[in-house]
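To keep things clear, I will list the structure first and then write my remarks on it.
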Ligand SMILES: [Zn+2]
């Protein structure tokens with residue numbers, strides 16, 4: 001449920017700073033909130049929200065959003081990967097474009113704002129600034145990405161990877177829970193797998209990418225701040241770790257003869273938490289742990305566990321992994337165990353462009369929030385894939401209690417209005433910067 005409407009002098013100054021007619025931001029906010037509700041009704045599950053890639057809901061959501069993009073004055077097209085794109089040219093139709101957007105797909109039993117609110121805010125920014133764009137040295141594109149979440153085929157950022165030109169042909173054989181391959185689903189949706197490369201943009205055609213998104217964490221809410229600017233999007237390194245000891249009789253093996261892999265692994269889990277708490281902006285999670293042989297009367301001889309480690313900077317994340325490795329050496333040494341790790345995933349953090357961070361801070365300040373917090377994103381976003389192509393910036397909106405990927409996910413209308421003002425002001429700052437060069 002959305003709550004609150006902005007009142008008082010702050011709302012007025014936001015409108016004045018952008019040179020908009022009175023009430024324009026409030027009306028735009030009302031449309032965003034109503035459309036989040038309207039999209040929430042496009043779902044494949046009863047009693048909840050689920051919209052996955054290349055589904056009937058994908059087609060219906062694109063048709064609906066296409067209407068909204070056209071109302072905002074944009075020409076529209078569905079790209080070769082199923083992303084919906086709206087285009088408004090600047091003064092030169094061949095000039096590069098600034099991308100604004102987020103995603104319209106959801107996880108199962110999702111909230112109604114993750115991704116969606118960013119797409120709808122982008123539409124409103126175009127609607128608010130539209131008449132001025134025709135004098136700018138760049139145009140605006142709104143992109144509604146599909147399959148940011150990876151809910152259907154287990155691989156996230158599909159649409160944004162297509163736009164970034166980093167589509168991996170190995171993905172065609174990914175299958176959903178019903179055994180349908182990505183290639184088959186693509187074709188059934190009316191897309192041509194052979195043409196997916198046509199969704200790719202060229203860096204020279206882009207000014208950059210700006211995305212507004214709910215935080216999906218409690219940091220802004222805890223600090224009492226409506227908006228924040230993302231410094232980097234943390235990427236995970238993941239390992240499968242084996243701790244090996246010796247399986248022996250649970251009754252007959254005295255403690256001083258045991259090489260209990262599960263007790264060692266338990267120490268390792270606690271060490272991960274302790275070390276990550278001590279490190280700055282690193283978070284580590286052991287999400288799975290299996291003991292073998294897994295019998296009630298046998299001292300565990302081997303444990304396999306997973307580790308997901310992510311941080312604001314690759315350097316601190318990797319230094320933390322080195323510390324964890326040292327701790328694993330020490331504790332397995334004490335217990336007569338051995339350990340080994342296999343890396344199963346490794347992606348670099350994506351740093352947001354300094355200019356994009358600056359204009360977002362300036363955009364927030366223009367709305368009267370004052371000093372705005374800078375924070376890193378612990379969750380993945382389309383901006384990670386787009387960041388391989390062009391500079392990116394992300395605006396985070398306060399997410400009450402940090403609840404996301406859940407029906408209780410929320411953002412207030414007051415914060416959406418502040419976010420709209422900040423995003424529009426940031427785009428205006430960019431237009432000013434580009435006009436000077
Ligand atoms: Zn999202």
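The values are calculated or read from the model by the stated rules, or taken from the named source; none is laboratory data. Source: prediction; values computed, not measured. Backbone-built Cβ (ideal geometry, glycine too); neighbour counts: all protein chains shown.
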Subset of the range 257-281 [surrounded by fewer than 16 Cβ atoms within 10 Å (Cβ to Cβ) and modelled with pLDDT under 95]: 280
Only listed residue being part of a helix (DSSP H, G or I), surrounded by 15 or more Cβ atoms within 10 Å (Cβ to Cβ) and in the same structural domain as residue 275 (by TED's automatic domain parsing), chosen from 315, 327: 327
Which numbered condition residue 390 misses (of (1) over 21 Å from residue 30 (Cα atoms); (2) touching a helix residue (DSSP H, G or I) at 6+ places or on another chain (Cβ under 6 Å); (3) within 15 Å of the ligand (Cβ to nearest atom)): (3)
Flag for residue 415 being more than 16 Å from the ligand (Cβ to nearest atom), at pLDDT 95 or above and either within 30 Å of residue 92 (Cα to Cα) or crowded, with 24+ Cβ neighbours inside 10 Å (or both): yes
Enumeration of residues in the range 168-188 that are in contact (Cβ under 8 Å) with a residue 24 or more places away in the chain and surrounded by 17 or more Cβ atoms within 10 Å (Cβ to Cβ): 176, 182, 185, 186
Condition broken by residue 371, with the remaining ones in (1) more than 15 Å from the ligand (Cβ to nearest atom); (2) assigned by TED's automatic domain parsing to the domain that holds residue 115; (3) more than 29 Å from residue 26 (Cβ to Cβ); (4) not in a helix (DSSP H, G or I) satisfied: (3)
Cross-chain or 6+ apart pairs with Cβ under 7 Å, the range 101-122 first and not assigned by TED's automatic domain parsing to the domain that holds residue 216, then within 11 Å of the ligand (Cβ to nearest atom): none
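Quick check on my filter: what residues within the range 365-383 are farther than 27 Å from residue 18 by Cα and surrounded by fewer than 24 Cβ atoms within 10 Å (Cβ to Cβ)?
Taking the range 365-383 as the starting set, the residues that turn out to be farther than 27 Å from residue 18 by Cα are 376-382.
Matches in the range 365-383: 376, 378, 379, 380.
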Which numbered condition residue 213 fails, given (1) modelled with pLDDT of 95 or more; (2) away from the ligand (no atom under 16 Å from the Cβ): (2)
Residues of the range 223-245 that turn out to be surrounded by fewer than 23 Cβ atoms within 10 Å (Cβ to Cβ) and in contact (Cβ under 8 Å) with a residue 60 or more places away in the chain, as a count: 12
Residue count for the range 65-108, restricted to those that are modelled with pLDDT under 95 and within 16 Å of the ligand (Cβ to nearest atom): 2
